[in-house]
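K.L.:
Attaching a single structure in structure tokens format; questions to follow.
The values are calculated or read from the model by the stated rules, or taken from the named source; none is laboratory data. If you're wondering where the values come from, they're calculated on a predicted model, not measured in any experiment. Using ideal geometry, Cβ is built from the backbone for each residue, glycine included, and neighbour counts are taken over all protein chains shown. Ligands, DNA and RNA are stripped out before the accessible areas are found, and what is left, the full protein with its side chains, is counted by its heavy atoms. Shrake-Rupley method; radii C 1.70, N 1.55, O 1.52, S 1.80 Å.
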Amino acid sequence: MKDFDKFIILAELILDSKNEDAVKFARQNLMKLAKMYPELNDRVLPIIKKNKSAGITKSLRFAKQPLPVDQDSRLELIKTTISSKVLPETRWPENVQNILDETIREREFEEKLVKAGLKPITSVIFSGPPGVGKTLAAAWLALMLNKPFYVLDLSAVMSSYLGRTGNNIRTVIDFAKSQSAVLLLDEFDAIAKRRDDGGEIGELKRLVTVLLQEIDEWPNDGLLIAATNHEELLDPAVWRRFDRTIAFPYPSYDDILKFLQSNLLEKLNDENTLILLSILFKGSTYAEIDKEINTLRKKSILSDTYFVDVLDSYIESSLENMNKSDKSEMKNYADNLIDLGFSQRKVSDITGLSRPTVKKIVESKL
Ligand SMILES: Nc1ncnc2c1ncn2[C@@H]1O[C@H](COP(=O)(O)OP(=O)(O)OP(=O)(O)O)[C@@H](O)[C@H]1O
Ligand SMILES: [Mg+2]
């Protein structure tokens, strides 16, 4: 669609007083702009963020209808709360991002695909350790597709009486379909774990069959996402059902640096400290890093010490304990530290590499 077409649509919505539709249209297109033209982020993101409570959060909840509840306990079966960190500019490693983008793109061209007898991606399975961004990515997809986002924790529903579980899962699936929602089935391996439990095998088998059928037949206007921390528990027949599989890796050094830059920007504007922290946090998940940073922030408040000073002493003691056995990784870090202007002696101290090795790295850069 050309820009002037978009303007005409927006003008018509406003002049017809279709305010909700106009807001939705404007928000959707602003998010597309933010994604397509990162150089416009300075102008576009503040507008999106400013309208976040009225815009993004609402668009992810949508709750037009009451949420489905358990027949007996009347407790809600699905969660709709989302992290405040879901923003259009959130990025994942390239191979992950490519599939997320492909999912969105196929939706944009749904009509063309359907005309050619093809179906856009409607089911995806995420795997990876806890705290690497699976739930966040599911919420991000819902945001980008402008669809309501619902989470069903399978391990929680599966722990109740199975007869009831079947009904509950069916209720949630029907609800999500009726809302054209993005439904995240969290802890998906729970369906595999219960397989060898004694008494209720027959019922469980039926349940698994229903679930697998749902994956095959998920409608084009919704999206079903399954997430698991234990991919080894799922058999290949289950994996094959999904249109795409995405393995979420541990964040890389660059990912961590970006994460720290955006999270600590207001509290700390010291690139050297952020780089050292990124080196130290390598091998941790985002969730672990978040927790560690919050612990340090609390420490700074409770001990009435500047946050920078708390960080400095944390860095100092952690560097001493760092595992310096991975030489090739340490060379990369040394490279970064040299670029930052650290002395050769300091780089050697931090990385555990010998002074001649560090010297060689410096010379190779000349
Ligand atoms: N790509 C990312 N960019 C920025 N922050 C991220 C990213 N991925 C994850 N995070 C941070 O990590 C936290 C944990 O992510 P999330 O809850 O999505 O993990 P998860 O993989 O779903 O974990 P679990 O398996 O325990 O459910 C998020 O709240 C967010 O702060
Ligand atoms: Mg999760």
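K.L.:
Of Lys18/Lys147; Lys267/Lys324; Lys267/Lys298; Lys35/Lys267, which pairs sit farther than 21 Å apart, going by alpha carbon to alpha carbon?
P.N.:
On the way: Lys18/Lys147 19 Å; Lys267/Lys324 29 Å; Lys267/Lys298 13 Å; Lys35/Lys267 26 Å.
Violating the 21 Å Cα-Cα cut-off are Lys267/Lys324; Lys35/Lys267.
K.L.:
Still on this structure, I have one more. Ignoring ligands, DNA and RNA, what percent of the 1.4 Å accessible area of the chain is carbon and sulfur? Mind showing how you got there, number by number?
P.N.:
On the way: 10230 of 20010 Å².
Using a 1.4 Å probe with all protein chains present, the chain comes out at 51 percent carbon and sulfur.
K.L.:
Next question. Out of residues 5 or more away from Ile125 or on other chains, whose amide H comes under 5 Å of its own, with H placed 1.01 Å from N in the peptide plane?
P.N.:
Ala226, Arg244, Thr245, Ile246
K.L.:
Could you do me a favour and compute the accessible area per residue for region 253-364, 1.4 Å probe, result in Å²?
P.N.:
On the way: 6570 Å² over 112 residues.
Result: 59 Å² of accessible area for each residue.
K.L.:
Select from Gly283, Tyr306, Met330 the residue farthest towards the positive end of the dipole of region 270-336; place +1 on Cβ of Lys and Arg, -1 on Cβ of Asp and Glu, and compute about the Cα centre.
P.N.:
Of the listed residues, the answer is Gly283.
K.L.:
What ³J(HN,Hα) values, in whole Hz, does the Karplus curve 6.51 cos²θ - 1.76 cosθ + 1.60 give for region 248-257 when θ = phi - 60°, with x put for Gly and Pro?
P.N.:
Here the 3J(HN,Hα) series is 8, x, 5, x, 7, 4, 5, 4, 5, 4 Hz.
K.L.:
Can you list residues from other chains, or at least 5 along the same chain, whose modelled amide H is less than 5 Å from the amide H of Asp153?
P.N.:
Amide H neighbours of Asp153: Lys79, Asp186.
K.L.:
Would you kindly derive the ³J(HN,Hα) couplings of region 100-106 from the backbone phi angles with the Karplus curve 6.51 cos²θ - 1.76 cosθ + 1.60 (θ = phi - 60°), listing them in order in whole Hz, with x for Gly and Pro?
P.N.:
Along region 100-106, the couplings run 4, 5, 4, 4, 5, 4, 5 Hz.
K.L.:
Can you give the relative contact order of region 60-247 as a percent, counting alpha carbon pairs under 8 Å and 6+ residues apart?
P.N.:
On the way: 275 pairs, mean separation 57.4, N = 188.
RCO, region 60-247: 31 percent.
K.L.:
With charges set only on the Cβ (+1 for Lys and Arg, -1 for Asp and Glu), what does the dipole of region 1-51 come to about its Cα centre, in debye to the nearest 20?
P.N.:
Values: 10 positive and 8 negative charges, 51 e Å.
Charge dipole, region 1-51, about its Cα centre: 240 debye, nearest 20.
K.L.:
Shifting gears a bit: How far apart, in nm, are two points set 7 Å out from the Cα along the Cα-to-Cβ line at Ala237 and at Arg164?
P.N.:
About 2.9 nm separates the two model spin labels.
K.L.:
Could you compute Rg(Cα) / (2.2 N^0.38 Å) for region 1-51, with N its residue count? Intermediate results must be reported in sequence, preceding the final value.
P.N.:
On the way: Rg = 11.5 Å, N = 51, 2.2 N^0.38 = 9.8 Å.
Working it through for region 1-51, the quotient is 1.18.
K.L.:
Please report, in debye to the nearest 20, how large the charge dipole of the chain is about its Cα centre when each Lys and Arg carries +1 at its beta carbon and each Asp and Glu carries -1 there.
P.N.:
On the way: 52 positive and 55 negative charges, 91 e Å.
The calculation lands at about 440 debye.
K.L.:
While we're here: Which entries of Lys85/Lys119; Lys85/Lys299; Lys85/Lys282; Lys79/Lys258; Lys258/Lys365 have Cα-Cα distances beyond 27 Å here? Don't jump to the answer; show the numbers that get you there.
P.N.:
Working: Lys85/Lys119 31 Å; Lys85/Lys299 23 Å; Lys85/Lys282 21 Å; Lys79/Lys258 29 Å; Lys258/Lys365 24 Å.
In this structure, Lys85/Lys119; Lys79/Lys258 exceed 27 Å between Cα atoms.
K.L.:
Please pull out the direction-averaged projected area of the chain, using the convex hull of its alpha-carbon atoms, in nm² to one decimal place.
P.N.:
Values: hull surface 98.5 nm².
Averaged projected area of the chain's Cα convex hull equals 24.6 nm².
K.L.:
Accessible area per residue of region 60-247 at 1.4 Å probe, in Å²?
P.N.:
On the way: 8630 Å² over 188 residues.
In whole numbers, region 60-247 has 46 Å² accessible per residue.
K.L.:
So what is the calculated 222 nm ellipticity per residue for the chain, using -39500 (n - 2.57) for each DSSP H run with n of 4 or more, over all residues, to the nearest 500 deg cm²/dmol?
P.N.:
Details: 19 runs with 214 residues, N = 366.
Using -39500 (n - 2.57) per qualifying helix, the result is -18000 deg cm²/dmol.
K.L.:
Take every DSSP beta bridge whose two residues both sit in the chain, then give the antiparallel share in percent to the nearest 5. Please report the intermediate quantities before stating the final value.
P.N.:
Working: 2 of 20 bridges.
Of the beta bridges lying entirely in the chain, close to 10 percent run antiparallel.
K.L.:
Tabulate in residue order the Karplus-calculated ³J(HN,Hα) for region 26-40, using 6.51 cos²θ - 1.76 cosθ + 1.60 with θ = phi - 60°, rounded to whole Hz; enter x for Gly and Pro.
P.N.:
In residue order, the calculated couplings are 5, 5, 4, 6, 5, 5, 4, 4, 4, 7, 6, 10, x, 5, 8 Hz.
K.L.:
Something else now. Tell me, what is the 1.4 Å probe accessible area of Tyr250, in Å² to the nearest 10?
P.N.:
Accessible surface of Tyr250 is approximately 120 Å².
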